[in-house]
Amino acid sequence: MKKCTLCADRIYNENLPEEERKPACVLSCPTRARVFGDIDDPQSEASIAIREKHGYRLMPEAGTDASYLPAWGQVLFLAENTIY
């Protein structure tokens, strides 16, 4: 078993169409419970989800770059400007 890399090979592959540059788990989730995107882009799916679901950063005073988004009774963790 290997550590998750968020499918970096897919995300940065310019040969793939933009809509396919997401981790495999996000693309294959049948309920669309996973969201991936740039939270600094106000038009991204991730930013919109955070706004609509009232997500917020966790412990910014500690210098962390993690947030959470309560959605569908679950907590989705964010790290390095991505939601997964």
Would you mind counting up the charge near residue 10? Only other residues with Cβ under 12 Å from its Cβ, with Lys and Arg at +1 and Asp and Glu at -1. -3
Förster radius 41 Å - calculated FRET efficiency between residue 8 and residue 61 (Cβ-Cβ, nearest 0.05): 0.90
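We did not get these values from a lab; they are worked out from the coordinates using the rules stated. Quick caveat, the model's predicted, so the values are computed rather than measured. Positions of Cβ are generated from backbone atoms using ideal geometry, with glycine treated the same way; all protein chains shown enter the neighbour counts.
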